[in-house]
Amino acid sequence: MLYGIGAALGLAGALAADWETLDVSGGFIGFGALALLVLFILLIVWTRRITGNLLPFQPVLELGTGWAVGSWFVPIINYWFPLRIWNQAWRATTPTIAPPIGWQWKGLPVPVTHILAWVTFHIGVVLATVGVPSESDTSTASGYAGFIGGTLVTVSQVLLIMVVRNLTARQDAYARQYLPLVAPAVTPVGPIQRAGG
(Lines give C-alpha, C1' and ligand atoms only; values in the text may rest on other atoms or scores of the structure.)
Protein backbone atom coordinates (compact mmCIF):
# COMPACT_ATOMS: atom_id res chain seq x y z
CA MET A 1 0.00 0.00 0.00
CA LEU A 2 2.84 2.40 0.81
CA TYR A 3 4.37 1.65 -2.58
CA GLY A 4 1.01 2.31 -4.22
CA ILE A 5 0.70 5.73 -2.54
CA GLY A 6 4.29 6.47 -3.51
CA ALA A 7 3.51 5.46 -7.09
CA ALA A 8 0.50 7.79 -7.32
CA LEU A 9 2.43 10.70 -5.81
CA GLY A 10 5.38 9.99 -8.10
CA LEU A 11 3.16 10.25 -11.16
CA ALA A 12 1.45 13.39 -9.89
CA GLY A 13 4.78 15.01 -9.07
CA ALA A 14 6.28 14.08 -12.43
CA LEU A 15 3.30 15.38 -14.41
CA ALA A 16 3.26 18.68 -12.50
CA ALA A 17 7.06 18.92 -12.13
CA ASP A 18 6.36 19.39 -8.42
CA TRP A 19 9.46 18.54 -6.39
CA GLU A 20 7.69 18.63 -3.05
CA THR A 21 5.29 15.92 -4.23
CA LEU A 22 8.20 13.93 -5.62
CA ASP A 23 9.95 14.14 -2.24
CA VAL A 24 6.83 12.91 -0.44
CA SER A 25 6.57 10.10 -3.01
CA GLY A 26 10.16 9.10 -2.22
CA GLY A 27 9.31 9.11 1.49
CA PHE A 28 6.42 6.69 0.96
CA ILE A 29 8.66 4.42 -1.10
CA GLY A 30 11.25 4.54 1.69
CA PHE A 31 8.66 3.58 4.33
CA GLY A 32 7.43 0.87 1.98
CA ALA A 33 10.95 -0.56 1.88
CA LEU A 34 10.96 -0.73 5.69
CA ALA A 35 7.59 -2.50 5.65
CA LEU A 36 9.10 -5.05 3.26
CA LEU A 37 11.40 -6.21 6.07
CA VAL A 38 8.35 -7.49 7.95
CA LEU A 39 7.07 -9.11 4.76
CA PHE A 40 10.42 -10.86 4.25
CA ILE A 41 10.38 -12.30 7.76
CA LEU A 42 6.86 -13.64 7.24
CA LEU A 43 7.81 -15.09 3.85
CA ILE A 44 10.88 -16.82 5.27
CA VAL A 45 8.81 -18.42 8.03
CA TRP A 46 6.13 -19.44 5.53
CA THR A 47 8.65 -20.84 3.02
CA ARG A 48 10.23 -22.94 5.78
CA ARG A 49 6.81 -24.18 6.85
CA ILE A 50 5.62 -25.20 3.38
CA THR A 51 8.86 -27.12 2.87
CA GLY A 52 8.62 -28.86 6.24
CA ASN A 53 4.99 -29.76 5.53
CA LEU A 54 6.18 -31.98 2.68
CA LEU A 55 8.44 -34.21 4.78
CA PRO A 56 5.82 -36.70 6.07
CA PHE A 57 4.98 -37.54 2.45
CA GLN A 58 8.57 -38.58 1.63
CA PRO A 59 9.47 -36.40 -1.32
CA VAL A 60 12.97 -36.23 -2.71
CA LEU A 61 13.56 -32.48 -2.46
CA GLU A 62 16.09 -30.49 -4.42
CA LEU A 63 15.99 -27.77 -1.77
CA GLY A 64 15.17 -28.80 1.80
CA THR A 65 14.20 -26.89 4.92
CA GLY A 66 17.71 -25.46 5.36
CA TRP A 67 17.56 -23.87 1.94
CA ALA A 68 14.00 -22.69 2.62
CA VAL A 69 15.52 -20.27 5.14
CA GLY A 70 19.09 -19.89 3.92
CA SER A 71 18.25 -19.15 0.29
CA TRP A 72 16.87 -15.74 1.28
CA PHE A 73 20.27 -14.67 2.65
CA VAL A 74 22.76 -16.01 0.09
CA PRO A 75 23.62 -13.34 -2.49
CA ILE A 76 22.79 -14.04 -6.13
CA ILE A 77 20.81 -17.24 -5.50
CA ASN A 78 18.31 -15.31 -3.39
CA TYR A 79 17.00 -13.97 -6.70
CA TRP A 80 15.58 -17.35 -7.71
CA PHE A 81 15.90 -20.08 -5.04
CA PRO A 82 12.90 -19.00 -2.93
CA LEU A 83 10.77 -19.15 -6.09
CA ARG A 84 12.13 -22.62 -6.84
CA ILE A 85 11.18 -23.71 -3.32
CA TRP A 86 7.61 -22.42 -3.76
CA ASN A 87 7.37 -24.23 -7.10
CA GLN A 88 8.79 -27.41 -5.55
CA ALA A 89 6.12 -27.30 -2.81
CA TRP A 90 3.37 -26.72 -5.37
CA ARG A 91 4.46 -29.60 -7.57
CA ALA A 92 5.02 -32.01 -4.69
CA THR A 93 1.44 -31.55 -3.47
CA THR A 94 -0.18 -32.44 -6.77
CA PRO A 95 -3.38 -34.23 -5.71
CA THR A 96 -2.81 -37.19 -8.06
CA ILE A 97 0.60 -38.02 -6.57
CA ALA A 98 0.17 -40.39 -3.65
CA PRO A 99 2.91 -40.75 -1.04
CA PRO A 100 5.69 -41.60 -1.09
CA ILE A 101 6.15 -38.65 -3.42
CA GLY A 102 9.78 -39.33 -4.34
CA TRP A 103 10.69 -37.58 -7.60
CA GLN A 104 7.20 -37.81 -9.11
CA TRP A 105 6.76 -34.05 -8.75
CA LYS A 106 9.63 -33.12 -11.08
CA GLY A 107 8.63 -31.27 -14.22
CA LEU A 108 5.00 -30.68 -13.28
CA PRO A 109 3.52 -27.27 -14.12
CA VAL A 110 3.21 -24.39 -11.68
CA PRO A 111 0.82 -21.44 -11.76
CA VAL A 112 2.01 -18.40 -13.66
CA THR A 113 1.17 -16.27 -10.60
CA HIS A 114 4.32 -17.63 -8.89
CA ILE A 115 6.57 -16.26 -11.62
CA LEU A 116 4.62 -13.03 -12.08
CA ALA A 117 4.69 -12.25 -8.35
CA TRP A 118 8.43 -12.86 -8.19
CA VAL A 119 9.42 -10.98 -11.35
CA THR A 120 7.15 -7.96 -10.84
CA PHE A 121 8.41 -7.61 -7.29
CA HIS A 122 12.10 -7.55 -8.23
CA ILE A 123 11.67 -5.23 -11.20
CA GLY A 124 9.35 -3.00 -9.15
CA VAL A 125 11.79 -2.65 -6.26
CA VAL A 126 14.62 -1.64 -8.60
CA LEU A 127 12.48 0.95 -10.38
CA ALA A 128 10.98 2.25 -7.13
CA THR A 129 14.49 2.72 -5.73
CA VAL A 130 15.39 4.74 -8.81
CA GLY A 131 12.18 6.68 -8.15
CA VAL A 132 13.43 8.12 -4.87
CA PRO A 133 14.55 11.63 -5.92
CA SER A 134 18.02 12.89 -5.11
CA GLU A 135 19.31 16.44 -4.78
CA SER A 136 21.51 16.05 -7.84
CA ASP A 137 18.61 14.91 -10.05
CA THR A 138 16.85 17.81 -11.72
CA SER A 139 14.51 15.80 -13.95
CA THR A 140 11.07 14.37 -13.30
CA ALA A 141 12.20 10.93 -14.49
CA SER A 142 12.45 9.76 -10.89
CA GLY A 143 8.72 10.42 -10.49
CA TYR A 144 7.89 8.22 -13.47
CA ALA A 145 10.29 5.52 -12.25
CA GLY A 146 8.68 5.70 -8.81
CA PHE A 147 5.25 5.41 -10.38
CA ILE A 148 6.13 2.35 -12.45
CA GLY A 149 8.15 0.71 -9.67
CA GLY A 150 5.58 1.40 -6.97
CA THR A 151 2.80 0.08 -9.17
CA LEU A 152 4.73 -3.11 -9.94
CA VAL A 153 5.51 -3.72 -6.24
CA THR A 154 1.84 -3.18 -5.37
CA VAL A 155 0.74 -5.62 -8.09
CA SER A 156 3.35 -8.13 -6.93
CA GLN A 157 2.01 -7.97 -3.38
CA VAL A 158 -1.50 -8.79 -4.60
CA LEU A 159 -0.08 -11.69 -6.60
CA LEU A 160 1.95 -12.80 -3.59
CA ILE A 161 -1.19 -12.96 -1.47
CA MET A 162 -2.65 -15.24 -4.15
CA VAL A 163 0.47 -17.44 -4.11
CA VAL A 164 0.42 -17.81 -0.32
CA ARG A 165 -3.32 -18.49 -0.15
CA ASN A 166 -3.36 -20.96 -3.05
CA LEU A 167 -0.27 -22.91 -2.02
CA THR A 168 -1.36 -23.08 1.61
CA ALA A 169 -4.82 -24.31 0.58
CA ARG A 170 -3.25 -26.87 -1.78
CA GLN A 171 -1.04 -28.24 1.01
CA ASP A 172 -3.98 -28.38 3.42
CA ALA A 173 -6.05 -30.34 0.91
CA TYR A 174 -3.14 -32.70 0.20
CA ALA A 175 -2.60 -33.33 3.91
CA ARG A 176 -6.30 -34.06 4.47
CA GLN A 177 -6.22 -36.53 1.60
CA TYR A 178 -2.97 -38.37 2.33
CA LEU A 179 -1.85 -37.75 5.92
CA PRO A 180 -4.01 -40.58 7.32
CA LEU A 181 -2.10 -42.96 5.02
CA VAL A 182 1.37 -41.91 6.17
CA ALA A 183 0.88 -40.84 9.78
CA PRO A 184 2.36 -43.46 12.11
CA ALA A 185 0.40 -44.62 15.11
CA VAL A 186 0.71 -42.04 17.85
CA THR A 187 2.78 -43.37 20.73
CA PRO A 188 3.17 -41.55 24.02
CA VAL A 189 6.50 -39.86 24.58
CA GLY A 190 6.63 -40.32 28.36
CA PRO A 191 5.23 -42.86 30.80
CA ILE A 192 1.50 -43.38 30.64
CA GLN A 193 -0.29 -41.69 33.51
CA ARG A 194 -3.12 -43.72 34.98
CA ALA A 195 -6.11 -42.03 36.47
CA GLY A 196 -5.66 -41.47 40.18
CA GLY A 197 -2.01 -42.36 40.18
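What nm value, rounded to one decimal, do you get for the distance between Glu62 and Trp103 when each label is placed 7 Å out toward the C-beta?
Result: 1.2 nm between the two label points.
Just the accessible area per residue of segment 59-111, please: how many Å² with a 1.4 Å probe? Write down the numbers at each step before the final one.
Values: 2540 Å² over 53 residues.
It amounts to 48 Å² per residue over segment 59-111.
Ile148: accessible area at probe 1.4 Å, nearest 10 Å²?
90 Å²
What are the residues whose amide H is under 5 Å from the amide H of Gly102, where those residues sit 5 or more places off or on another chain and H is modelled from the backbone?
Residues meeting the amide H criterion: Val60.
Any idea how far apart Arg49 and Phe73 come out in nm if each label point goes 7 Å out from Cα toward Cβ?
Taking the two extended label points, one gets 2.0 nm.
Per residue of segment 102-109, what does 6.51 cos²θ - 1.76 cosθ + 1.60 with θ = phi - 60° give for ³J(HN,Hα)? Whole Hz please, x for Gly and Pro, Karplus curve as stated.
Karplus values, whole Hz, x for Gly and Pro: x, 9, 4, 6, 4, x, 6, x.
Grab the Cα-Cα distance for Asn166 and Ile123, subtract it from 0.36 nm times how many residues apart they are, and report the gain in nm with one decimal. Numbers along the way, then the final one.
Values: separation 43, 0.36 × 43 = 15.48 nm, distance 2.32 nm.
Additional length available on full extension: 13.2 nm.
The values are calculated or read from the model by the stated rules, or taken from the named source; none is laboratory data. Quick caveat, the model's predicted, so the values are computed rather than measured. As a convention, Cβ positions derive from the backbone with ideal geometry for all residues, glycine included, and neighbour counts pool all protein chains shown. Protein only, heavy atoms only, side chains kept; ligands, DNA and RNA dropped before computing areas. Shrake-Rupley method; radii C 1.70, N 1.55, O 1.52, S 1.80 Å.
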